[in-house]
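Have a look at the structure below, then the notes.
The values are calculated or read from the model by the stated rules, or taken from the named source; none is laboratory data. Predicted, not measured: the structure shown is a model, and the values here were computed from it. Here the Cβ positions follow ideal geometry from the backbone for every residue, glycine too, while neighbour counts run over all protein chains shown.
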Amino acid sequence: MNTVTALANDFLSQRTIAIVGISSKPQALANLLYKKLKTSERYVIAIHPTIATFDGDVCYPMLQSVPQKIDGVFIATTSENTDRIVDDCIALHIPRVWMHYTFGIQHSTKSSAISSVSVTAVERCREHNITVIPGACPMMFLESRDSFHSCWRWILSKTGKLNL
């Protein structure tokens, strides 16, 4: 099992996961992931600064508003927001952070509209002993993944783009 797979499995096995980046656009990644992760074994928390409810649940404006302990945070916003979100995770002692990036693990220092990865935020996570996944998509690691994400996982693993 490669490192990313082990980290993904650990992240996805957590009881309470917050998703930052819930959107008013129905097909947004964060929205789809929220619905996919929400099970009887897992409590998923929606985070967005201006949306009050999502999928019939409370949508909190920020991580500090959540009343319970959070085991992991999935970030699905622009990389410009990631540094602030990671600072919140550090302050709240959240042990796991996953930054979304469609095309595998992002190693470059360039920001991207399709990436939540911030190299500075990755370094800050590591400095504070937060387990971090700087890229990829949780949908590729779910047992009940769709064919699109299965195909992407296979391609990225074969091309080495899932390596940390």
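Taken across segment 57-64, residues that are closer than 21 Å to Asp87 by Cβ and touching a helix residue (DSSP H, G or I) at 6+ places or on another chain (Cβ under 6 Å) do occur, with at least one present. The residue that is nearest to Pro95 (Cα to Cα), counting only those in segment 59-80 that are surrounded by fewer than 21 Cβ atoms within 10 Å (Cβ to Cβ) and hydrophobic (A, V, I, L, M, F, W, C), is Leu63. Within segment 42-89, the residues that satisfy the criterion of being within 16 Å of Arg15 (Cβ to Cβ), assigned to a loop (DSSP other than H, G, I, E, B) and not charged (D, E, K, R) are Val66, Pro67, Gln68, Ile70.
As a summary of the residue check, Glu41 satisfies the conditions (1) at pLDDT below 95; (2) within 14 Å of Trp98 (Cβ to Cβ) except for the one numbered (2).
Let's see how each residue does on (1) in contact with an Asp or Glu (Cβ under 9 Å, 6 or more places away or on another chain); (2) within 20 Å of Glu127 (Cβ to Cβ); (3) at pLDDT 95 or above:
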position: Pro61; (1), (2), (3): no, no, yes
position: Ser65; (1), (2), (3): no, no, yes
position: Gln68; (1), (2), (3): no, no, yes
position: Gly72; (1), (2), (3): yes, yes, yes
position: Thr78; (1), (2), (3): no, no, no
position: Asp87; (1), (2), (3): no, yes, yes
position: Ile94; (1), (2), (3): yes, yes, yes
position: Val97; (1), (2), (3): no, yes, yes
position: Tyr101; (1), (2), (3): no, no, no
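Restricting to segment 25-45, give me the number of residues that are of a type outside the set (A, V, I, L, M) and touching a Leu at 6+ places or on another chain (Cβ under 6 Å). Matching residues across segment 25-45 total 0. Figure legend. Inter-residue proximity from segment 33-46: first residues over 21 Å from Ala136 (Cα atoms), second residues outside any helix (DSSP H, G or I), beta-carbon distance below 6 Å, spacing 6+ or different chains. Indicated pairs: Tyr43/Thr16. Touching a helix residue (DSSP H, G or I) at 6+ places or on another chain (Cβ under 8 Å), in contact (Cβ under 8 Å) with a residue 12 or more places away in the chain, within 25 Å of Thr120 (Cα to Cα) and not polar (S, T, N, Q), is that true of Val20? So Val20 passes the test.
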